[in-house]
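Okay, so here's the structure we're looking at.
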Amino acid sequence: MPTLVATPTVIQAAGNKPKQIEEYAGRVNSGHAAVSVARMVSPEGWREPGQRPEFEEITVVLRGLLRVEYEGGALDVRAGQAVIAHPGEWVRYGSPEPGGAEYVAVCLPAFSPDAVHRDPA
């Protein structure tokens, strides 16, 4: 029988402004270690510390613009587009435009604070 995920777990986010993270599947909400799926809503002007995660992160933007900085440049990912950050690659996410951004992030293996390797504050 399929498993219903009735509600996500809200997880505290890193960054200069409050961002909403709702984990539907992953280490916290469902006990999955192989994958995590979370919906994010970030406000205008939000920016998190840079990171060099051990996992692959596939991000689908649903609304607004997500800016993804990487060594050597930046990508602006708009609603209807996606970006893939590869393991070991330095990235920093932000939502600079009015209205912020809404997006879904899938991490393989699942997101873990020990595997994200954020830059020092």
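The values are calculated or read from the model by the stated rules, or taken from the named source; none is laboratory data. Quick caveat: nothing in here was measured; it's all calculated off a predicted structure. All Cβ positions, even for glycine, are placed from backbone atoms using ideal geometry, and neighbour counts span all protein chains on display. In case anyone asks, the SASA skips ligands and DNA or RNA and just uses the protein heavy atoms, side chains included. Shrake-Rupley method; radii C 1.70, N 1.55, O 1.52, S 1.80 Å.
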- Counted residues in the stretch 1-28 being assigned to a loop (DSSP other than H, G, I, E, B), open to solvent by less than 50 Å² (accessible area, probe 1.4 Å) and modelled with pLDDT of 95 or more come to 3
- Note on the structure: Residue set V68, V61, V77, V106; condition open to solvent by less than 20 Å² (accessible area, probe 1.4 Å), among the aliphatic types (A, V, I, L, M), touching a residue at least 40 places away in the same chain (Cβ under 8 Å) and under 23 Å from E22 (Cβ atoms); output residue V61
- Based on what the data block shows, is R52 touching a residue at least 60 places away in the same chain (Cβ under 8 Å), under 17 Å from R118 (Cβ atoms) and not polar (S, T, N, Q)? yes
- Message: Among the residues of the stretch 35-58, what is the count of those that are open to solvent by less than 10 Å² (accessible area, probe 1.4 Å) and touching a helix residue (DSSP H, G or I) at 6+ places or on another chain (Cβ under 8 Å)?
- Response: 3
- Message: Quick check on this structure: which one of H86, H117 is touching a residue at least 24 places away in the same chain (Cβ under 8 Å), of a type outside the set (A, V, I, L, M) and within 19 Å of A14 (Cβ to Cβ)?
- Response: H117
- Query: Which residues, taken from the stretch 94-103, are in a loop (DSSP other than H, G, I, E, B) and open to solvent by less than 60 Å² (accessible area, probe 1.4 Å)?
  - Reply: P96, G99, G100
- Message: Just checking, does the stretch 82-93 include any residue being buried (at least 16 other Cβ atoms within 10 Å of the Cβ), of a type outside the set (A, V, I, L, M), within 11 Å of the chain's Cα centre (by Cα) and closer than 28 Å to L4 by Cβ?
- Response: no
- Of the conditions (1) under 29 Å from L4 (Cα atoms); (2) in contact with an Asp or Glu (Cβ under 9 Å, 6 or more places away or on another chain), G26 clears all except one; give me its number. (2)
